[in-house]
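Reading through the structure tokens given below for one structure.
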């Protein structure tokens, strides 16, 4: 009986030790979330243009897609932080930053939309996040960002899109240290620099586009109208009279 008690006590202690070995502290399971925010500075346009702007969701490469924060360390391939993530995908946040910035500028009289509203916009901006990562490969800490924008004019008759502007915006900036927060702070700072360049590019573009007359349907060729002649009175041709047979009493 005593040996059974000792065996039971030993099993309980062994299980307790095993559980203690695999138990993870609560704080190690928490994931820190970061966002890309709109700068505090406001770009206010001096005029309002008769332009309706549509900005669909930004795109990115398959590797950049998702909430992961990527980094490159040494000669290794791209990796990502497990306990540090974006709130949502970075391309979505960057598209929101651009749309809100252009909307509050007051430049677009027809409005700025990110969702299809049933209205036919005059122009559309498509964006692509080319790369976004923390670079730790050259003896320092840098933040790397590249965004590509394409502007289309939309034909109001055929709805066809014509490219009127396309440009890539690459940035690479030193960071204070290797912490993730310093990387996010630099990226948020780069948003203001990026928007400044976008303003300088888009303002003269849309001022020119606002005076472009939209194409209209080709007019139909004129048809010559021939006046009608007055109608002549209708006549009926009567048959010639039949010869009459002479009377027998008149014969000699």
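The values are calculated or read from the model by the stated rules, or taken from the named source; none is laboratory data. Quick caveat: nothing in here was measured; it's all calculated off a predicted structure. Glycine also receives a Cβ, built like all others from the backbone with ideal geometry; neighbour counts cover every protein chain displayed.
Here residue 134 does not fit the description of being exposed (fewer than 12 other Cβ atoms within 10 Å of the Cβ) and either within 23 Å of the chain's Cα centre (by Cα) or not in a loop (DSSP other than H, G, I, E, B) (or both). Name the residues in the range 129-153 that are more than 30 Å from residue 177 (Cβ to Cβ) and either touching a helix residue (DSSP H, G or I) at 6+ places or on another chain (Cβ under 8 Å) or touching a residue at least 60 places away in the same chain (Cβ under 8 Å) (or both), would you? Residues satisfying the conditions are 149, 151, 153.
A single entry from 121, 156 fulfils the requirement of being within 13 Å of residue 55 (Cα to Cα), in a loop (DSSP other than H, G, I, E, B) and touching a residue at least 24 places away in the same chain (Cβ under 8 Å): 121. Condition check for residue 93 on (1) surrounded by 19 or more Cβ atoms within 10 Å (Cβ to Cβ); (2) free of Cβ contacts under 8 Å to residues at least 60 places away in the same chain; (3) in a loop (DSSP other than H, G, I, E, B): one failure, at (3). Just to be sure before I move on: is residue 150 at pLDDT below 95, more than 19 Å from residue 34 (Cβ to Cβ) and either within 16 Å of the chain's Cα centre (by Cα) or surrounded by 16 or more Cβ atoms within 10 Å (Cβ to Cβ) (or both) in the structure I sent? Spelling it out, it is not the case that residue 150 is at pLDDT below 95, more than 19 Å from residue 34 (Cβ to Cβ) and either within 16 Å of the chain's Cα centre (by Cα) or surrounded by 16 or more Cβ atoms within 10 Å (Cβ to Cβ) (or both). The set of residues in the range 159-191 being part of a loop (DSSP other than H, G, I, E, B) and surrounded by 13 or more Cβ atoms within 10 Å (Cβ to Cβ) consists of 175, 178, 179. The one condition from (1) in a helix (DSSP H, G or I); (2) modelled with pLDDT of 95 or more; (3) surrounded by 16 or more Cβ atoms within 10 Å (Cβ to Cβ) that residue 209 does not meet is (2).
Name every residue in the range 98-111 that is within 19 Å of residue 191 (Cα to Cα) and either in contact (Cβ under 8 Å) with a residue 12 or more places away in the chain or in a strand (DSSP E or B) (or both), in order of residue number. Within the range 98-111, 98, 99, 100, 101, 102, 104, 105 qualify. Just one of (1) within 20 Å of the chain's Cα centre (by Cα); (2) within 19 Å of residue 96 (Cα to Cα); (3) free of Cβ contacts under 8 Å to residues at least 24 places away in the same chain fails for residue 55. It is (3).
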